[in-house]
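Visitor: Take a look at the following structure, please.
The values are calculated or read from the model by the stated rules, or taken from the named source; none is laboratory data. Quantities reported herein were computed from a predicted structural model and do not represent experimental measurements. A quick note on method: Cβ atoms are made from the backbone with ideal geometry, for glycine too, and the neighbour counts reach across all protein chains shown.
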Amino acid sequence: MHEIVTMRESVRVPPKFLEESSTESVKKALRESVEGTMDKDKGIILCVTDVLDISDGNIIAGDGAVYYDTAFNALVYKPELHEVLDGEVIEVVEFGCFVRIGPLDGLVHVSQASDEFMSFSAEGILAGKTGARTLKVGDKVRARLVTISLKSASSKIGLTMKQPGLGKFEWLEEEKKASGGKKQ
């Protein structure tokens, strides 16, 4: 889930940013230091949106930077268990496929790709036993998040596409047509 959160941080503002107002220089320093990082409670920090409060700066002898305690708003993404997400297949491997779901990649294990048995082919695709269903790089899919392990060094996201309303968009359209356009 995406949301705007208020955070507090002590930030080092290097000399190259000190020509601007303190608000702008703190915002630039925050963007360099926190955007793209993982906070275990808040999620992935995508963007610093506003600087709300800045303390008086502190200078440390021998360091040309100024240190500020600050409060700021940031756009974050924190995946939630059972969340349904749309994504794109970015890699297909023998054991499944990796799906880009915004700022993270998740794994759809081959056993979770479809109700139909699927196997890896030499062409780099996952193909169903009948050959009617395939998954390849670039396919758009809808999946449910079933496992989450967020760590700053290595995050693991597990996805499934076996439930009704999930799967490759083309499969969903075929199922919709087969059911006469009724929602499942």
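Visitor: Being in contact with a helix residue (DSSP H, G or I) (Cβ under 8 Å, 6 or more places away or on another chain) and part of a loop (DSSP other than H, G, I, E, B) is the filter here; which residues of the stretch 95-110 pass it?
Guide: Hit for the stretch 95-110 is PHE95, nothing else.
Visitor: Another question about this same structure. Only one of (1) closer than 22 Å to MET1 by Cβ; (2) outside any loop (DSSP other than H, G, I, E, B); (3) in contact (Cβ under 8 Å) with a residue 24 or more places away in the chain is not met by GLU80, so which one is it?
Guide: (2)
Visitor: Also, quick follow-up: For VAL66, are the conditions met, namely being in contact with a Phe, Trp or Tyr (Cβ under 8 Å, 6 or more places away or on another chain), more than 24 Å from ILE101 (Cβ to Cβ) and without any contact (Cβ under 8 Å) to a residue 60 or more places away in the chain?
Guide: no
Visitor: If LYS182 meets every condition in (1) at pLDDT below 85; (2) basic (Lys, Arg); (3) assigned to a helix (DSSP H, G or I) apart from one, which number is that one?
Guide: Answer for LYS182: the failing condition is (3).
Visitor: While we're on this one: Among the residues of the stretch 38-56, which ones are at pLDDT 90 or above and in a loop (DSSP other than H, G, I, E, B)?
Guide: Residues satisfying the conditions are SER55, ASP56.
Visitor: I've got another one for you. From the list VAL137, VAL108, pick out the single residue that is surrounded by fewer than 18 Cβ atoms within 10 Å (Cβ to Cβ), at pLDDT 90 or above and over 30 Å from MET7 (Cα atoms).
Guide: None of the others qualify; the one that does is VAL137.
Visitor: Can I ask one more? Of the residues PHE72, PHE95, PHE169, PHE120, which is farther than 30 Å from GLU9 by Cα, surrounded by 14 or more Cβ atoms within 10 Å (Cβ to Cβ) and of a type in the set (Phe, Trp, Tyr)?
Guide: Just a single option satisfies the conditions, and that option is PHE120.
Visitor: Of the conditions (1) closer than 30 Å to PHE17 by Cβ; (2) in contact with a helix residue (DSSP H, G or I) (Cβ under 7 Å, 6 or more places away or on another chain), ILE60 fails just one. Which one is it?
Guide: Of everything listed in (1) closer than 30 Å to PHE17 by Cβ; (2) in contact with a helix residue (DSSP H, G or I) (Cβ under 7 Å, 6 or more places away or on another chain), ILE60 misses just condition (2).
Visitor: Another question, if that's okay. Sort out which residues of the stretch 29-58 are farther than 30 Å from ILE148 by Cβ and buried (at least 18 other Cβ atoms within 10 Å of the Cβ), and write them in order of number.
Guide: Across the stretch 29-58, the qualifying residues are ALA29, VAL51, ILE54.
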